[in-house]
Every structure is written in C-alpha cells, then in structure tokens.
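Chemist: Handing you this structure, nothing more for now.
The values are calculated or read from the model by the stated rules, or taken from the named source; none is laboratory data. None of these values were measured; they are calculated from a predicted model. Neighbour counts run over all protein chains shown; Cβ positions are idealised from the backbone, glycine included. Accessible surface is based on the protein model in full, side chains and every heavy atom, while ligands, DNA and RNA are left aside. Shrake-Rupley method; radii C 1.70, N 1.55, O 1.52, S 1.80 Å.
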Amino acid sequence: MPANLPPEYIQTELRFRAAKTPEEKLEILKELMSLVPKHKGTEKLRVELKRKLTKLQEETQRQQKKKGARGPAYDHIEREGAGQITLVGLPNCGKSSLLAAVTHAKPEIAEYPFSTFRPTVGMMPFEDIQIQLIDLPPLSEYTEPWVYSLIRNCDAVALLVDLSSETVEEDYLTALSWLERARIRLVGSRPDPVGEGVAKRAVALGLKHDVEGAEERCSRLRDLVGGEFEIAALSTISGEGLAEMKRLCFRVLQVVRVYTKKPGQPFKKEQPYVLPVGSTVTDVARTIHQELAEKFKYARVWGSAEFQGQRVERHYRVQDSDLLEFHE
Ligand SMILES: Nc1nc2c(ncn2[C@@H]2O[C@H](COP(=O)(O)OP(=O)(O)O)[C@@H](O)[C@H]2O)c(=O)[nH]1
Ligand SMILES: [Mg+2]
C-alpha cells in the first residue's frame, strides 16, 4: 500500500471488504477513489481501483439485467450428458476442488466475495459418456433459494462430507437437515415414494481422505450412513477414490447405455443412447425415431440376452451395455 493515504482510506477500505452486495461495493469503491490523493506514488493504486470499478459496474449491470429479464439468476441449468448431479455440502468441504479434479471446469477464483456465489458446471467423463456436475455454494443459513431449486431439479445429489473435520457425523446430519428444511429428502438408489417434499437419489462422498485420521472418521460416517446411500472415500490431492466416485455417480443416475447396429453390418462403437433403467427395446427405438418405434417387429440383443444375438420382443427390458439390432 502506498504511503501518505489518509486514515479515512483504511477505514473505507475495510468497509469495502466487508460489503456484501456488488451495489454496496460499488458505492464504497467510489468513495474510496475520491480519497486517494493524485500523485505519482498512488498511480498504481488508482489504476487498480479503476479496474475494480469497471468490473463491479459490469457485474451490477449484468445482475440487474438478469433480475429484470427472468427473476432469480441461476435456478435452472440446462441438462447435458447422461445426467445432472449437484455437489452438495457444508462450507469448505472440498466441492470446488472435486469439480476441478474430475472435469475441465475451473471453479471461479473469488476476487470479490459474491463471485463465489455462483454455480459452476463441468462435464465428468465416465467410460464412454459424460456426467454433468454442478458445484454449488455451501449449505448454510445464507444459502439462497436458487441453490435449493437447482438441487430439486437435478437427477441426483452427491452429498459431500469433509473427512478432515472432527465432527463428521454432525456435519453429515447438519447437511441433511438444511436439505430437509428446504423439503428435499435424500434417498438411496431405490426411490421411496413416501415422505414429504422432493425425493432425490443420492450418494455420499467422504472427501480429503488423505488427511490423518480420515480413515477412522470415514468408518464412523459409514456407520451413520448405514447402507442408506452408497459411499466412497476420496482425495483430490492423491487422486485415490476418484474412479470409484465416478462409478457411484453413474450408478446413482439409474441409467443404461445402449448401442445399436444395422442388420448385416459390423458393430462400430459410437456414442451410446442413454435411457432410464427399466427401458424397453421399444423405448430405445423411440429415442432413435418415432417411426422406427412404430414399425420394427423385433430386435436382436447382444449382452444381456441369454444367447448372443437373441431375438427379443418389443417389451424386452434392456440392460447397461446392450447392443441392439432392429428388424422391421
Ligand atoms: N487435504 C486435502 N485438502 C483438500 C482436498 N480437497 C480440497 N482440499 C482443501 O479444502 C479447502 C476447501 O476446498 P474447496 O474445494 O474450496 O471447498 P468448497 O468450499 O467446498 O468448494 C481448500 O483449502 C482445499 O485446498 C483433499 O482432497 N485433501
Ligand atoms: Mg467452493
């Protein structure tokens, strides 16, 4: 900090740092700029403040536009890939680090406090498909309603628990109770139709498994989760557990991948069709084309059927990794 700044400057800067909204920051920043004497020694500071001003002005304009145009900013994120999973947990449990470790996304580095209050989306490759992950602000008394909207709208929740915390049980229950207050109930891979609010399929993930004592805390967590959800322990620093975490994410989505080929032609591995578990051969045909769904007579299946290339009827349920051939 350059010398010769008036004492009010320090006071005002403290207020600037404590300010919560961009609007508030903008006002204080203008005050701050007026307090800087104009001479050679403060030139760098003035450039820096001007840069912040421009950024804040852009930010407030963007937010106002969003508010005016379509209400709350972030409560819907377009689904991409095989399914959408939200990363949910208490502050500092390692959500953003996980997103950065398994996708190409770069969770925002916060220059201002509010800039961390945004969802970040990344695509996580799993075998031959991609799973969409959404990094969210933490669950706390400050959590904004759009965070819960995103959780309600996603396909499944990854509930993240910090294994470096002495209070894993309490942390886990606190996270659940924040969700409960928002009328979101986490369920295992078989959704239960009873109970209040929205039921969301979930997996539990213990993070920072590399720290001392994490294994012991993880087994305490396993006892508590008690077979309710599947659980994996992982570390973004050592990379252990990441492969298992991806498998669990795929499983919790409850989808199957199906490949197709034309009769008489060799199988060329391409992007699979992704459908809900329980889908039939006819559902697959409909995904390809309505016309095909109407006119095919039977299909041959390689994979789940008893015999390779077995002829199956329209209501045959496909399994993950099945290869299908439609006959008209
Ligand atoms: N030891 C260890 N620290 C981690 C790991 N993942 C994240 N952290 C640290 O935990 C802190 C919080 O991480 P962050 O991803 O920002 O958490 P978030 O607030 O939940 O998004 C940071 O200081 C990270 O460096 C991990 O696997 N092992
Ligand atoms: Mg974060």
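Chemist: If only one of G303, G264, G309 is under 30 Å from G227 (Cβ atoms) and either of a type in the set (S, T, Y) or not assigned by TED's automatic domain parsing to the domain that holds G227 (or both), which one is it?
Modeler: On the way: G264 fails: under 30 Å from G227 (Cβ atoms); G309 fails: under 30 Å from G227 (Cβ atoms).
Answer to the selection: G303.
Chemist: Mind checking whether some residue in segment 288-301 is open to solvent by 60 Å² or more (accessible area, probe 1.4 Å), part of a loop (DSSP other than H, G, I, E, B) and in contact with a His (Cβ under 8 Å, 6 or more places away or on another chain)?
Modeler: yes
Chemist: I've got another one for you. Looking only at segment 206-233, count every residue that is touching a residue at least 40 places away in the same chain (Cβ under 8 Å), touching a helix residue (DSSP H, G or I) at 6+ places or on another chain (Cβ under 6 Å) and not charged (D, E, K, R) and tell me the total.
Modeler: 4
Chemist: For segment 12-54, enumerate the residues that are without any contact (Cβ under 8 Å) to a residue 40 or more places away in the chain, assigned to a helix (DSSP H, G or I) and farther than 30 Å from R118 by Cβ.
Modeler: If the condition is that a residue be without any contact (Cβ under 8 Å) to a residue 40 or more places away in the chain, assigned to a helix (DSSP H, G or I) and farther than 30 Å from R118 by Cβ, then S34, K40, G41, E43 are the ones that fit.
Chemist: Considering V211, V277, V258, V225, which residue is modelled with pLDDT of 95 or more and buried (at least 18 other Cβ atoms within 10 Å of the Cβ)?
Modeler: On the way: V211 fails: buried (at least 18 other Cβ atoms within 10 Å of the Cβ); V277 fails: buried (at least 18 other Cβ atoms within 10 Å of the Cβ); V225 fails: modelled with pLDDT of 95 or more.
V258 is the lone residue from the list that is modelled with pLDDT of 95 or more and buried (at least 18 other Cβ atoms within 10 Å of the Cβ).
Chemist: Which of the following residues is outside the structural domain of Q132 (by TED's automatic domain parsing), among the basic types (K, R), at pLDDT 90 or above and more than 16 Å from ligand 1 (Cβ to nearest atom): K52, K65, K40? Show your work before the answer.
Modeler: Values: K65 fails: at pLDDT 90 or above; K40 fails: at pLDDT 90 or above.
Just a single option satisfies the conditions, and that option is K52.
Chemist: Could you list, in sequence order, the residues of segment 142-163 that are open to solvent by 50 Å² or more (accessible area, probe 1.4 Å) and within 16 Å of ligand 1 (Cβ to nearest atom)?
Modeler: Correct list: Y142, E144.
Chemist: (1) under 20 Å from the mean Cα position of the chain (by Cα); (2) farther than 18 Å from V252 by Cβ; (3) within 16 Å of ligand 2 (Cβ to nearest atom); (4) open to solvent by less than 30 Å² (accessible area, probe 1.4 Å): which one isn't true of G122, the others all being true?
Modeler: All conditions pass for G122, except number (2).
Chemist: I've got another one for you. Out of segment 228-255, which residues are more than 13 Å from ligand 1 (Cβ to nearest atom) and open to solvent by less than 50 Å² (accessible area, probe 1.4 Å)? So that I can check it myself, show each step before the final result.
Modeler: Restricting attention to segment 228-255, the residues satisfying the condition of being more than 13 Å from ligand 1 (Cβ to nearest atom) are 228-231, 243-244, 246-255.
Passing the criteria: F229, I231, L248, C249, F250, V252, L253, V255.
Chemist: What number goes with the only condition from (1) over 24 Å from D155 (Cα atoms); (2) in contact with a strand residue (DSSP E or B) (Cβ under 6 Å, 6 or more places away or on another chain) that E240 does not pass?
Modeler: Every listed condition holds for E240 apart from (2).
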